[in-house]
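Each value in this text was obtained by applying a stated rule to the coordinates, not by laboratory testing. All values derive from a computational prediction rather than experimental measurement. In this analysis, Cβ positions are derived from the backbone assuming ideal geometry, glycine residues included, and neighbour counts consider all displayed protein chains.
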Amino acid sequence: MLLTIAEAIATARRTVIVADGSYAAIGLALAYNARLAGYPVTAVTAGDAELANTMTTLGADDVLIAISFWRLYESTVLAANEARSRGARVFALTDAASPALAEAAESSASSTAAPRSPATHPPDHML
């Protein structure tokens with residue numbers, strides 16, 4: 001799975017990483033290291049306005065990577081669906097298989113962290 005994402009980044013016109021909240025640092029680090037390697041990768045971490053503006057130029061030669069850990073933001077799912085409808089390849093990096101995000105993504109890579117406890121990790125019931 002990670003090799004597939006790496007190959008997609010390498011062949012894309014550009015890659016957009018959507019990472020919000022406490023896991024924005026993961027998206028920023030991935031974008032930074034990909035740029036160091038010479039790939040056109042940006043991370044969208046500043047919220048809905050930046051995300052909406054970025055989505056207007058996404059196309060079939062692009063890749064969107066949705067990063068979601070602990071709490072899934074609806075804007076991330078909407079961006080993934082919009083990217084998919086525009087022909088972009090969509091991948092998800094997550095700690096849990098969210099049906100809403102999984103449907104939009106070509107494939108998902110999940111961490112092997114301990115199972116989520118309902119007491120500390122509420123379900124993604126709003127999506």
Residues with amide H under 5 Å of Ile17's amide H, sequence separation 5 or more or different chain, H placed in the peptide plane at 1.01 Å from N; which? Thr42, Ala43, Val44, Ile65
Residues in the stretch 79-99 that a label on Glu7 would reach, taking backbone N under 19 Å of a point 7 Å out along Cα→Cβ: 88-93
Compactness check, the stretch 53-94: C-alpha Rg relative to the 2.2 N^0.38 Å globular estimate gives 1.10
The stretch 1-53: radius of gyration and largest Cα-Cα distance (Dmax), Å: 11.2, 31
Just to be sure I understand: if I project the alpha-carbon convex hull of the stretch 23-107 onto a plane and average over all orientations, what area do I get in nm²? 5.2
